[in-house]
Amino acid sequence: MSHPILNRLTDLQNGRFRYPSSAAHRPGWAILARRENPMNSTFAATVDETLATLRRFVEVGDVENALALLATLQPPDQAELLDELDDDSQLTLLPALPPEASADILEEMDDERAAELMAALPTETVIRLVEEMEPDELADLLGEFEPEQAAAVLAGLEDGEEIRPLMLHPNDSAGGLMTSEYLALRRRTTAAAALQAIRDWQPKTDSFSDLFVID
């Protein structure tokens, strides 16, 4: 018998999203995924249904639909769902993600757990998965790696030398919360020039709150 969520996820690839039937809205179940497409229709699924569907996709080797399902979720939910999968399934999906998505998920995962997964992957794959992480988050994660693996990853990262000093501080200390990703402006910089500098900077994060003015 076909699964209703599977049917809706088949439509997902074609841009057609549908509400689940009212029977799917069981009391006490949180709605995990909600995403609108240009047609203003909405896909929604409960936690258990989404997890079951994700597992089924992985079991049959349908990585494309598994990734499409994950793409409908926010990073905290993506990390939570992946954590419910076995190691082999996680190691199948994580390397298939684009760097921006894998970075967001790894930032939401427990560092120790993420390090365990990364230990099972080739160094080149790990570098690609972590290269878009925020510097302070990446430093925390690398701090959980075996020293040899951490050194190999740092050597392969474009900004590896900027990450290394952040690893010298405990995670919850002021130094551990520092980042090498910041924008400094001169004291006489005009507002227009500051805005252009932000556009040129193209920070990895979608939002930031501080600009540093120096003399």
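A few remarks follow.
- As a summary of the residue check, ALA66 satisfies the conditions (1) closer than 15 Å to GLU132 by Cβ; (2) of a type in the set (Gly, Ala, Ser); (3) surrounded by 21 or more Cβ atoms within 10 Å (Cβ to Cβ) except for the one numbered (1).
- Meets criteria (part of a helix (DSSP H, G or I), in contact with a helix residue (DSSP H, G or I) (Cβ under 9 Å, 6 or more places away or on another chain) and more than 24 Å from ALA150 (Cβ to Cβ)) for ARG56: yes
- The criterion of being within 12 Å of the chain's Cα centre (by Cα) and outside the structural domain of THR46 (by TED's automatic domain parsing) does not hold for GLU144.
- Boolean, GLU124 is under 19 Å from the mean Cα position of the chain (by Cα), part of a loop (DSSP other than H, G, I, E, B) and modelled with pLDDT of 65 or more: no
- Here the helices (runs of 4 or more DSSP H) wholly within region 59-104 that include at least 1 residues being outside the structural domain of ASP136 (by TED's automatic domain parsing) and more than 11 Å from the chain's Cα centre (by Cα) are 63-70.
The values are calculated or read from the model by the stated rules, or taken from the named source; none is laboratory data. Source: prediction; values computed, not measured. Note that we place each Cβ from the backbone using ideal geometry, even for glycine, and neighbour counts take in every protein chain shown.
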